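Colleague: This structure is in structure tokens; I'll ask about it shortly.
The values are calculated or read from the model by the stated rules, or taken from the named source; none is laboratory data. These numbers were taken from a predicted model, which means no experiment stands behind them. Reconstructed Cβ throughout: ideal geometry from the backbone, glycine too, with neighbour counts over all protein chains shown. Protein only, heavy atoms only, side chains kept; ligands, DNA and RNA dropped before computing areas. Shrake-Rupley method; radii C 1.70, N 1.55, O 1.52, S 1.80 Å.
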Amino acid sequence: MMQGCEVEAIGISYTIHTHKSENPFKILSKSAQEQLDTEQDGKKEAAEEEAQVEQSCSGGVRHVLKNVSFQAKPWEILAIVGPSGAGKSSLLEILAGKHSPQSGTVFLNHKPVDKAQFRKLSGYVTQKDTLFPLLTVEETLMFSAKLRLKLSQEQLCSRVKSLIKELGLDHVAATRIGDDRLRGISGGERRRVSIGVEVIHDPKVLILDEPTSGLDSTSALQIIDMLKVMADTRGRTIILSIHQPGFRIVKLFNSLLLLANGSVLHHGTADLLGVNLRLMGLELPLHVNVVEFAIESIDTIQQQQKCVPVQVETPRQLPGTMQQQKRGGDGEAGEGRNGKFTLQQLFQQSKVIDEETMYAGMDFTCEFANSRLRETMILSHRFSKNIFRTKELFTCRTVQMLVSGLVVGSIFCNLKDDIVGAYERVGLFAFILTFLLSSSIEALPIFLQEREILMKETSCGSYRVSSYAIANGLVYLPFLLILAILFSMPLYWLVGLNRNFLAFLHFLLLIWLILYTANSVVVCFSALVPNFIVGNSVIAGVIGSFFLFSGYFISKQEIPKYWIFMHYISLFKYPFEGLLINEFSNSGKCLEYMFGACVKSGEDVLKEEGYGGESNRWKNVGVTVCFILVYRFISYVILRYRCSQMGFGRVVTN
């Protein structure tokens, strides 16, 4: 017999606080799921406002789910239906380990299971398709397979091709995913790719939050039909929520869980739901399916269930769950109060699952599929593909740096070696720092998109957060070096800076470090801020503050003592001093003559301004490198904290 997993939830209750005091820094401390999945969150917030749910007598507590129990079996699809605000998404998130209920337990084959175990043998597909738009369908599934499976390259290719065929995506395998700005595959195909990413590791349980949301009726039917085939052929337990399913879709469901205001009104087949509705005196109209009619008749059903005898009411007790029956002890286990079996028990499914067979061969280990080095290599490869295919980040930025170098070089062309020329060089260096440190903000949307996908992938144990941080740091090094060369080559020689080749190499190194520092700052704040607007404002404010205290506008000696710390943590200070030292130290230039004798050299200017000489050349480089490492480490800590806050367990805290 094919292995399978029976999922059973007993007494799930979940409450939220509605009058909690607002944290003034809430805008910077929201979880990634709340910050980025705006489409899903907007819907949930609207649903919560619409839901007329019961509040505790003390006020401030909203009961989202109230004593919810159900059973989902292998080879079957359980559809969770109900009006907006019924608690469908919250129930799925509890099953997926996103939230923890105040009471109740989730069982796997009649045994309690923790989040780490359940994550290994389940997949969770959210309403929003969280995919890289510039990767093709095949690349998306291949990267997911490499990160989650311990297989050879040939086996990975075979698994991906087989899955593409199963998903019906053969004709678009080489097509990019696309998004609102980039034309790619259709919405239904994109949803199938999202499902494919979650089933690449052949999970026993698949949870989907409204997989047909936003799709036309044909695409929706294709999605559910595909899931039905997965359940029938692979023995998967499929649990999904759906809003207003059509006739043909309802026929594909093995079982329904009807929720209203967080309570279970029905758990069983669609036919049983129709029987119960008729027993309540509700006749199903023509051309209206039973689920749609039940949702429209929610108020009537709730009123009827308060008055009718127990055997007519769709019981909330799960048939066949002997453990729950023993705990009940109130006469509702097995038979009704009048000695007759309830309708729910009469209609229960006949499949019997051997618990020992289902547990055989299950791997509950929480280790990752790859080593940290292997993960870093795979993620770096994926990062590089996204960078080179992002026109705004690669093509436009490359052209921008080359043109900027030529334009700035032509403006400051052939500066004189005198006092005026020295001041013009100082102004040039200040402009270069401002331009380079502020021009990297354009990459913020890409980093925010990557963070959203990071949260999703680390939640299912695909890889470590540390591997992501290392790969993100390494992959930009060659890219930023190319930009540094394109900017420095024309500018340096057109302006006529220190004509020593070693001085040029040091200038190139400083430009490279400046670009990498800017990149690290953006990465750090992209891990912190909720969206592009806030991130743009925060980064602009930070960069402006650092420039103000760099020593260019006001000297170190004139900065008030209570602000002097800003001078030492300024990102401008050390590269700025490094550029000045590289230009004037040991250059042999005389900036001012008197009676044919040199009275002021470049070294004299450096000493007057307190920048030191040759001894500080590598000190400034070292401090700049330290800044880079600090910002990278802070971004890693923030991401790690976010993941741990989302309840993904120990797997993402590495």
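Colleague: Only one of these is over 19 Å from the mean Cα position of the chain (by Cα), over 23 Å from Asn370 (Cα atoms) and not in a loop (DSSP other than H, G, I, E, B): Val106, Val160. Name it.
Modeller: Values: Val160 fails: over 23 Å from Asn370 (Cα atoms).
Residue meeting the stated conditions: Val106.
Colleague: Can you spot a residue in segment 113-126 that is at pLDDT below 85 and aromatic (Phe, Trp, Tyr)? Write out each step before concluding.
Modeller: Pass one, segment 113-126, residues at pLDDT below 85: 113-121.
Okay, now just the ones that are also aromatic (Phe, Trp, Tyr), so 118.
Yes, some residue in segment 113-126 is at pLDDT below 85 and aromatic (Phe, Trp, Tyr).
Colleague: Another question about this same structure. Does Ser520 satisfy the condition of being of a type in the set (Ser, Thr, Tyr), more than 16 Å from Val630 (Cβ to Cβ) and over 17 Å from the mean Cα position of the chain (by Cα)?
Modeller: Details: of a type in the set (Ser, Thr, Tyr): yes; more than 16 Å from Val630 (Cβ to Cβ): no; over 17 Å from the mean Cα position of the chain (by Cα): yes.
Considered against the rule, which asks whether it is of a type in the set (Ser, Thr, Tyr), more than 16 Å from Val630 (Cβ to Cβ) and over 17 Å from the mean Cα position of the chain (by Cα), Ser520 comes out as no.
Colleague: Residue pairs, Cβ under 6 Å, 6 or more apart or interchain, first in segment 441-456 and assigned by the TED database to the domain that holds Ile533 and more than 17 Å from Lys385 (Cβ to Cβ), second in a helix (DSSP H, G or I) and of a type in the set (Gly, Ala, Ser). List them.
Modeller: Leu444/Ser526; Leu444/Gly535; Leu448/Ser526; Met455/Ala32
Colleague: Further, regarding this structure: If we keep just the residues of segment 255-306 that are under 36 Å from the mean Cα position of the chain (by Cα) and charged (D, E, K, R), which is surrounded by the most Cβ atoms within 10 Å (Cβ to Cβ)?
Modeller: The selected residue is Glu292.
Colleague: Confirm whether Glu375 is out of contact with any strand residue (DSSP E or B) (no Cβ under 8 Å at 6 or more places or on another chain), among the acidic types (Asp, Glu) and open to solvent by 50 Å² or more (accessible area, probe 1.4 Å).
Modeller: Values: out of contact with any strand residue (DSSP E or B) (no Cβ under 8 Å at 6 or more places or on another chain): yes; among the acidic types (Asp, Glu): yes; open to solvent by 50 Å² or more (accessible area, probe 1.4 Å): no.
For Glu375, the condition - out of contact with any strand residue (DSSP E or B) (no Cβ under 8 Å at 6 or more places or on another chain), among the acidic types (Asp, Glu) and open to solvent by 50 Å² or more (accessible area, probe 1.4 Å) - is not met.
Colleague: Could you tell me whether segment 360-370 includes any residue that is at pLDDT 90 or above, surrounded by 14 or more Cβ atoms within 10 Å (Cβ to Cβ), more than 27 Å from Thr136 (Cβ to Cβ) and of a type outside the set (Phe, Trp, Tyr)? Lay out the reasoning, then the answer.
Modeller: First, the residues of segment 360-370 that are at pLDDT 90 or above: none.
Scanning segment 360-370 turns up no residue that is at pLDDT 90 or above, surrounded by 14 or more Cβ atoms within 10 Å (Cβ to Cβ), more than 27 Å from Thr136 (Cβ to Cβ) and of a type outside the set (Phe, Trp, Tyr).
Colleague: Turning to a different aspect of this structure: Is there a residue being under 25 Å from Ile77 (Cα atoms) and out of contact with any strand residue (DSSP E or B) (no Cβ under 6 Å at 6 or more places or on another chain) anywhere in segment 173-185? Break it down into steps so the answer makes sense when it comes.
Modeller: Of all residues in segment 173-185, those under 25 Å from Ile77 (Cα atoms) come to none.
Scanning segment 173-185 turns up no residue that is under 25 Å from Ile77 (Cα atoms) and out of contact with any strand residue (DSSP E or B) (no Cβ under 6 Å at 6 or more places or on another chain).
Colleague: Hey, Ala174 hits all of (1) surrounded by 15 or more Cβ atoms within 10 Å (Cβ to Cβ); (2) modelled with pLDDT of 90 or more; (3) part of a loop (DSSP other than H, G, I, E, B) but one; which does it fall short on?
Modeller: (1)
Colleague: Continuing with this model, one more query. Any residue in segment 392-421 that is part of a helix (DSSP H, G or I) sitting within a Cβ distance under 8 Å of a residue that is open to solvent by 70 Å² or more (accessible area, probe 1.4 Å) and of a type in the set (A, V, I, L, M)? List the pairs, counting only those 6 or more apart or interchain.
Modeller: Thr398/Ile482; Gly405/Met489
Colleague: Can you name every residue in segment 126-155 that is open to solvent by 30 Å² or more (accessible area, probe 1.4 Å) and part of a loop (DSSP other than H, G, I, E, B)?
Modeller: Going through segment 126-155, the residues open to solvent by 30 Å² or more (accessible area, probe 1.4 Å) turn out to be 128-129, 138-139, 146, 148, 150-155.
Across segment 126-155, the qualifying residues are Lys128, Asp129, Lys150, Leu151, Ser152.
Colleague: Something else: For Met226, are the conditions met, namely being over 20 Å from Arg148 (Cβ atoms) and in contact with a Lys or Arg (Cβ under 9 Å, 6 or more places away or on another chain)?
Modeller: Here the answer is yes, as Met226 does meet what is asked.
Colleague: I want to confirm something. Restricting to segment 422-469 and keeping residues that are in a helix (DSSP H, G or I) and basic (Lys, Arg), which single residue is most open to solvent (accessible area, probe 1.4 Å)?
Modeller: Pass one, segment 422-469, residues in a helix (DSSP H, G or I): 422-459, 465-469.
Narrowing the set further to residues that are basic (Lys, Arg) leaves 425, 451, 456.
On the way: Arg425: 5, Arg451: 4, Lys456: 45 Å².
In this case the residue turns out to be Lys456.
Colleague: Suppose we filter segment 188-231 for residues that are of a type outside the set (Val, Ile, Thr), assigned to a helix (DSSP H, G or I) and open to solvent by less than 30 Å² (accessible area, probe 1.4 Å); how many remain?
Modeller: Of segment 188-231, the ones of a type outside the set (Val, Ile, Thr) are 188-192, 194, 196, 198, 201-204, 206, 208-211, 213-217, 219-222, 225-228, 230-231.
Next, only the ones that are assigned to a helix (DSSP H, G or I) stay: 188-192, 194, 196, 198, 217, 219-222, 225-228, 230-231.
From what's left, open to solvent by less than 30 Å² (accessible area, probe 1.4 Å): 188-189, 191, 194, 196, 198, 219-220, 226-227, 230-231.
Of the residues in that region, 12 qualify.
Colleague: Now for a separate question. Filter segment 383-432 down to residues that are under 42 Å from the mean Cα position of the chain (by Cα), aliphatic (A, V, I, L, M) and under 19 Å from Val495 (Cα atoms), then give me how many there are.
Modeller: Count: 9.
Colleague: Another question about this same structure. Considering every residue within segment 56-68, establish whether at least one is among the β-branched types (Val, Ile, Thr), at pLDDT 50 or above and either surrounded by 21 or more Cβ atoms within 10 Å (Cβ to Cβ) or touching a Lys or Arg at 6+ places or on another chain (Cβ under 9 Å) (or both).
Modeller: Step one: list which residues in segment 56-68 are among the β-branched types (Val, Ile, Thr), which gives 61, 64, 68.
Then keep just the ones that are at pLDDT 50 or above; that gives 61, 64, 68.
With the extra rule that they be either surrounded by 21 or more Cβ atoms within 10 Å (Cβ to Cβ) or touching a Lys or Arg at 6+ places or on another chain (Cβ under 9 Å) (or both), the set shrinks to 64, 68.
There is at least one residue in segment 56-68 that is among the β-branched types (Val, Ile, Thr), at pLDDT 50 or above and either surrounded by 21 or more Cβ atoms within 10 Å (Cβ to Cβ) or touching a Lys or Arg at 6+ places or on another chain (Cβ under 9 Å) (or both).
Colleague: Polar (S, T, N, Q), closer than 22 Å to Glu424 by Cα and open to solvent by less than 10 Å² (accessible area, probe 1.4 Å), is that true of Ser526? If you could, list the steps in order and put the result at the bottom.
Modeller: Working: polar (S, T, N, Q): yes; closer than 22 Å to Glu424 by Cα: no; open to solvent by less than 10 Å² (accessible area, probe 1.4 Å): yes.
Spelling it out, it is not the case that Ser526 is polar (S, T, N, Q), closer than 22 Å to Glu424 by Cα and open to solvent by less than 10 Å² (accessible area, probe 1.4 Å).
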